[in-house]
């Protein structure tokens, strides 16, 4: 019987890959709405371990090639739900985001950016965040869930800076220049965007 693993011991091995479960029936198992963004990779080199991780917007489940379709369906559902649950635990609440925004504003913007609200949204597909200066609201894409904290902080700080300076001119980037993870976070998001592109 296969057992889950947090490591991908089959990384680099050649194997079959199925996008969106290759028509596998999950026999009533729930993927919490994630089935369109799941890729199953089967590997002949992988013997016992099953692992899952996120690549951009897709959850990748790696498992042994010899696994039956029924076992595959069971493990895919289990591992996808495990990844989603982990992301949920790592994603701060809207109130925690607002508190984090206040901390970031104080640290990097001398407290000049005071949002009225900060919240997660599901509808953002092409941007990581948005800001409406008129009502001082900030929205962050739920696609940031599970990404490193320094990346979420960068997006939040980016939107906070828009409460002080509209546009992306030199004054805007000067506000962000004090954030030590600026280039690293931008590179991370560029990589995620690139890997998700067709």
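For residue 151, the test of being part of a helix (DSSP H, G or I) and crowded, with 18+ Cβ neighbours inside 10 Å is passed.
Of the residues making up region 116-148, those that are surrounded by fewer than 20 Cβ atoms within 10 Å (Cβ to Cβ) and assigned to a loop (DSSP other than H, G, I, E, B) number 14. Among the conditions (1) surrounded by 14 or more Cβ atoms within 10 Å (Cβ to Cβ); (2) touching a strand residue (DSSP E or B) at 6+ places or on another chain (Cβ under 8 Å), the only one that residue 175 does not satisfy is (2). Whether any residue in region 55-71 is touching a residue at least 12 places away in the same chain (Cβ under 8 Å), under 23 Å from residue 172 (Cα atoms) and either touching a helix residue (DSSP H, G or I) at 6+ places or on another chain (Cβ under 6 Å) or not in a helix (DSSP H, G or I) (or both) is what I want to check. No: zero hits. The number of residues in region 72-122 that are without any contact (Cβ under 8 Å) to a residue 12 or more places away in the chain and either under 30 Å from residue 44 (Cα atoms) or in contact with a strand residue (DSSP E or B) (Cβ under 6 Å, 6 or more places away or on another chain) (or both) comes to 1.
Taken together, the values in this text are just the output of simple stated rules run on the coordinates, not laboratory data. The structure displayed is predicted, hence computed values, not measured ones. As a convention, Cβ positions derive from the backbone with ideal geometry for all residues, glycine included, and neighbour counts pool all protein chains shown.
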